[in-house]
1. Got at least one residue in the stretch B:40-53 being in a helix (DSSP H, G or I), modelled with pLDDT of 95 or more, within 14 Å of another protein chain (Cβ to nearest Cβ) and more than 8 Å from DNA strand C (Cβ to nearest atom)?
2. Specify the residue that is nearest to the chain's Cα centre (by Cα); the eligible residues are those in the stretch A:19-73 that are touching a residue at least 12 places away in the same chain (Cβ under 8 Å) and more than 12 Å from DNA strand D (Cβ to nearest atom).
3. Out of all the residues in the stretch B:218-231, is one or more within 26 Å of the chain's Cα centre (by Cα), away from chain A (no Cβ under 14 Å) and surrounded by fewer than 16 Cβ atoms within 10 Å (Cβ to Cβ)?
4. Any residue that is facing chain B (nearest Cβ under 9 Å), crowded, with 21+ Cβ neighbours inside 10 Å, touching a residue at least 40 places away in the same chain (Cβ under 8 Å) and aromatic (Phe, Trp, Tyr) - is there at least one of those in the stretch A:253-265?
5. From the list B:LEU268, B:LEU247, exactly one residue is under 21 Å from B:ASP285 (Cα atoms), over 30 Å from the mean Cα position of the chain (by Cα) and of a type outside the set (Asp, Glu). Which is it?
6. Can you report the number of residues in the stretch A:274-304 which are in contact (Cβ under 8 Å) with a residue 60 or more places away in the chain, more than 19 Å from the chain's Cα centre (by Cα) and away from chain B (no Cβ under 11 Å)?
7. So A:GLY287 ticks every box in (1) closer than 24 Å to A:LEU231 by Cβ; (2) in contact with a Pro (Cβ under 7 Å, 6 or more places away or on another chain) but one. Which box is left unticked?
Protein chains: 2
Amino acid sequence: MFVVENLYLGNQVRNMRLSPTLKKIAEQLNVSISTVSRALKDHPDISAETKQKVNELATLIEYDPNPYAVNLRTHNNKEFAIVVPSLSNFFYHSFISSIEEDARQQGYSVFIYRSSNDPQIELGILKSCRLKRVSGVFISITTETKDISPFTKLDGYGIPVIFFDKVPGSELCNKICVGDEHAAALAAAEILKKGIKNVLGIFGDLNMSITQARFQKFKTILAEGAEKIKLKTVHALNSNEAEQAALHAIEDYKGEYFAVFCMSDEILAGVMKAVQRKNLRVLQDVGIISISDGMIPKLFYPEITYAETSGFKLGKLALNRMMRCIAGSSFAQTIVDESRLIAGGSI
Amino acid sequence: MFVVENLYLGNQVRNMRLSPTLKKIAEQLNVSISTVSRALKDHPDISAETKQKVNELATLIEYDPNPYAVNLRTHNNKEFAIVVPSLSNFFYHSFISSIEEDARQQGYSVFIYRSSNDPQIELGILKSCRLKRVSGVFISITTETKDISPFTKLDGYGIPVIFFDKVPGSELCNKICVGDEHAAALAAAEILKKGIKNVLGIFGDLNMSITQARFQKFKTILAEGAEKIKLKTVHALNSNEAEQAALHAIEDYKGEYFAVFCMSDEILAGVMKAVQRKNLRVLQDVGIISISDGMIPKLFYPEITYAETSGFKLGKLALNRMMRCIAGSSFAQTIVDESRLIAGGSI
DNA sequence: ATTATGACCGCAAACGTTTGCGGTAACATT
DNA sequence: AATGTTACCGCAAACGTTTGCGGTCATAAT
């Protein structure tokens, strides 16, 4: 590490500019503050002449209303907060992009908070959202979040909360989530279609509702489809465990063809490492299929076939729901987005 | 997609709670607002008895100061803004985590803005930061950002700006960035050490300063180290172009051993696809080395050797610099973090 | 000549804090 | 008895807006 430090930054500290205010404009123009305020918002009470003078001066000195003063008066800001446990996640990325795009169009700005998957930090963020009276919050809760009363409290202050992805169990809230069952079913159906006999399914922590849903559905569809399929399932808590599981399976199947279903990107990553380590050829030696947001599957050749959990579409749905809430809808809605199969060449 | 909508959410809209204020506490306790205010901040003028009464009632009714009112009075908030072009980037992820951790400890909260690599949006975000009088902003500018006067303007309002990663050329600002030359040199040295004869270097857009730095240094070190190395270089604007370039190279070298240097993760992704497509064995048939934030290299087996550009360390440095600025430092400092080589088994 | 009608504008209160300053009572000091 | 000291506390202004209401002119209607 090295440092270059030698340039004096001028005297920006000494003559710190103070922002222009309504008062200054008013004094300059010899009118009252109220007149200026009204002129700037094109109020009918103000003459065209005055309006012009005010607007000219305002743009000249680059007037911008002080958001704190405005908010203190109006209790109304146009910003959304998005709260996520982590950012290293393509799904969140696409979700956020999607929301932002539309929100901006409707005059809302959005900023992102990161809870680090820590309920304590999450609580702090929530509080700050409440105090700031944001227009609404989109949140994917931490895996440790038990108590959802802080969220309903937000609602109590008139701030709509839309849960997405990681959502609480309670029915009394607005939820937008990916169709776990549907995605699992899609993958299972694809395996059936290809007529594969040996299947290894690798799933995450069974304590997570997302795992339960995918696990159950996958098993069921496979069982319904053909009884001569030999399905092994295993639960891996991280990428490493997934790799180990795949490694063992490769030993066990001893050259026999089999397919691996990966419940998540993390698991897929581990499995692909095992495949490479053993120098297996995807498709020829082993079939791979996954549920994914689409980033990891495209890193391999052949690209991995996966059931897509698109943050993009979910974002649109979420913002739509949010606008409804702001408009006064007081129903709790659970929206489940069904995914589609993106065919790579891996199965 | 399907929707469940049937539950009425109670009447949270009707009896929307209004937040507790100093005034309410004052009325309840028959003291003045000033007394309450002072009691809550443990002012010596207030008796222990009064303080206790106030504090009790305050926690009881869950009083929290209205940030807008506070700010209007004090012009002082404790929050940092981090502005990034995109979120799908492990480097930013680690940078942000790193900053957040320390900032929280010092009583600052941080939120994240996303510019979508659009200078227009970036401008809007900057303005909002100025109006909100955030305590400081960390920013990685868009690739299209030409005019840095909006940033110096922030400085003019007493808001420190720390650039990171994508930084402007000007010397008159605080910059924290990865050591492009150093990382390239590290990779080149590794290639020399392994005594490899044929090298393909794939770089990004030559218009980007980051490309220029890495390109130059890589070439120089290689040339200095050994004259019998045959180096081909090519510029790829995206993952696909990188894949094509690697594909061609594989044809050209016709079985001869060679190594590929990838300037970035995006390029590495393309190259690895080509390698898999041609069924080459990494290490045995082809050597791979990259500059990376460490996410992609770990997805393959053997893991890819790379020169690390750690957002984590950079974050620490950036926050440190920020605190200095807030404390009044008026020097412009350019800090360059040198990277280290993370050995996988790919070369 | 009086009254109605607009068009245009300003007063002042309110949002919820913070803080300088002044005030009162009790007690200690001359 | 007059003065000084100390411990507490409240008044009021200020931060920068928004907005209901009332006011002043000029012009049009009676």
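1. No; the residues of the stretch B:40-53 include none that is in a helix (DSSP H, G or I), modelled with pLDDT of 95 or more, within 14 Å of another protein chain (Cβ to nearest Cβ) and more than 8 Å from DNA strand C (Cβ to nearest atom).
2. A:ASN55
3. Here is the first cut: in the stretch B:218-231, the residues within 26 Å of the chain's Cα centre (by Cα) are B:218.
Checking which are away from chain A (no Cβ under 14 Å) leaves us with B:218.
Next cut, surrounded by fewer than 16 Cβ atoms within 10 Å (Cβ to Cβ) only: none.
Within the stretch B:218-231 (the criterion being within 26 Å of the chain's Cα centre (by Cα), away from chain A (no Cβ under 14 Å) and surrounded by fewer than 16 Cβ atoms within 10 Å (Cβ to Cβ)), the answer is no, since none of the residues qualifies.
4. Looking only at the stretch A:253-265, we keep the residues that are facing chain B (nearest Cβ under 9 Å), and these are none.
Scanning the stretch A:253-265, I find no residue that is facing chain B (nearest Cβ under 9 Å), crowded, with 21+ Cβ neighbours inside 10 Å, touching a residue at least 40 places away in the same chain (Cβ under 8 Å) and aromatic (Phe, Trp, Tyr), so the answer is no.
5. Selected residue: B:LEU247, the only one of B:LEU268, B:LEU247 that is under 21 Å from B:ASP285 (Cα atoms), over 30 Å from the mean Cα position of the chain (by Cα) and of a type outside the set (Asp, Glu).
6. Result for the stretch A:274-304: 4.
7. (2)
Residue by residue, here is whether (1) closer than 19 Å to B:ILE288 by Cβ; (2) modelled with pLDDT under 95; (3) assigned to a strand (DSSP E or B) holds:
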position	(1), (2), (3)
B:LYS153	no, yes, no
B:ILE159	no, yes, no
B:PRO168	no, yes, no
B:GLU171	no, yes, no
B:CYS177	no, yes, yes
B:ALA184	yes, no, no
B:LEU206	no, yes, no
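The values are calculated or read from the model by the stated rules, or taken from the named source; none is laboratory data. This one's a predicted model, so the numbers in the text were calculated from it and none came from an experiment. Heads up, the Cβs are rebuilt from the backbone with ideal geometry, glycines too, and the neighbour counts pull from every protein chain shown.
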